[in-house]
Amino acid sequence: AIRLTQSPSSLSASTGDSVTITCRASQGITNYLAWYQQKPGKAPKLLIYSASALQNGVPSRFSGSGSGTYFTLTITSLQSEDFATYYCQQYYYFPPLAFGGGTKVEI
Amino acid sequence: EVQLEESGGGLVQPGGSLRLSCKVSGLTFSSYSMNWVRQSPGREPEWISYIGKGGSTIYYADSVKGRFTISRDDAKNSVSLQMNSLRAEDTAVYYCATGYSNYAHFDYWGQGTLVTVSS
C-alpha cells in the first residue's frame, strides 16, 4: 500500500511567519493529492486538492505544489486561526485512500 | 448548505456490535458516493469504507474487511455502517464524508461520532 510521509511532525511558528510542510509519497501519484486542516474536536477541512487547487472559500495564503512523489503546503503570513494539524491525502491509488501522519503547527 | 450528521456511536464491549448512521442534506444524495473515515485519538484519519452511487460498488480497508458492512438508503438520504466483532483498536471518532468526485478527496465531512470499545 502507498505510504505518505509528512515532515516535520510538528513545528512552532509565530503569527506573520511563513511555513512549509512536506508530504512524500512512497510511489508516484501524479497530482492526486489533497491537504486538510484539522482543529481539535473538529472534522478535517479540505484546503487544497489536485496538489495545488484551492478549495472554495480557503484564503489565498494557503498554497500547494508538487507532483509525483513530493508535495508541499505553504502558509504565508500565519494567522492565529491557522494553528492546527495539517494532513495530506492521496487518491491516485484506491483502495485504500491514504493520509499522511500529520503536521501540528503550534504557536 | 451541505450537512452530514452521524449518529449511533457509544460504548460497546469487545466482540460487540454497533450500527452507525449518517444523514445527508443539502445535496442530491443519490448522485454521490459516500465514505466512512475514522480517527483514533492522536492519529491520522483512516479511510475504512466506500459505497458508490446506487450501492453496487463497495470497498473496505483491510482493517475492517469481513467485520464491517456499509449500506445506503437513497430514499432516506442516509448511509450506514454496521460494525461487528468490535475490537479495542476500533475505538475512534467515525466520520462520514463525501466529495464531488468518486475515489478522491473529501469536500464534506460530518461532525463525527465516537465509538469506544472497552470492557
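Structural remarks
- Selection from segment B:4-33 of residues that are touching a residue at least 40 places away in the same chain (Cβ under 8 Å) and among the polar types (S, T, N, Q): B:7, B:13, B:17, B:21, B:25, B:30, B:33
- The test for being within 24 Å of residue A:92 (Cα to Cα) and either modelled with pLDDT under 95 or in contact with a Lys or Arg (Cβ under 6 Å, 6 or more places away or on another chain) (or both) holds for residue B:56.
- So residue B:100, is it within 11 Å of chain A (Cβ to nearest Cβ) and modelled with pLDDT under 95: yes
- In segment B:66-119, the residues that are farther than 24 Å from residue A:45 by Cβ and of a type in the set (Gly, Ala, Ser): B:66, B:71, B:75, B:80, B:85, B:88, B:118, B:119
- The single residue among B:109, B:36, B:47 that is in contact (Cβ under 8 Å) with a residue 24 or more places away in the chain and either at the interface with chain A (Cβ under 9 Å from one of its Cβ atoms) or touching a helix residue (DSSP H, G or I) at 6+ places or on another chain (Cβ under 6 Å) (or both) turns out to be B:109.
- When residues in segment A:83-102 are screened for being part of a loop (DSSP other than H, G, I, E, B) and either at the interface with chain B (Cβ under 7 Å from one of its Cβ atoms) or among the basic types (Lys, Arg) (or both), 8 of them pass.
- Residue A:34 being surrounded by 18 or more Cβ atoms within 10 Å (Cβ to Cβ), farther than 19 Å from residue B:100 by Cβ and facing another protein chain (nearest Cβ under 9 Å): no
- Any hit, segment B:70-88, residues being within 14 Å of chain A (Cβ to nearest Cβ) and buried (at least 20 other Cβ atoms within 10 Å of the Cβ): yes
- Subset of segment B:2-48 that is of a type in the set (Val, Ile, Thr) and more than 20 Å from residue A:42 (Cα to Cα) - its residue that is modelled with the highest pLDDT: B:12
- Among residues of segment A:37-49 being among the aliphatic types (A, V, I, L, M) and closer than 15 Å to residue A:63 by Cα, the one that is nearest to the other protein chains (Cβ to nearest Cβ) is A:46.
The values are calculated or read from the model by the stated rules, or taken from the named source; none is laboratory data. As the structure is a computational prediction, the values presented were derived from the model and not from experiment. Every residue, glycine among them, receives a Cβ derived from its backbone with ideal geometry; neighbour counts consider all protein chains shown.
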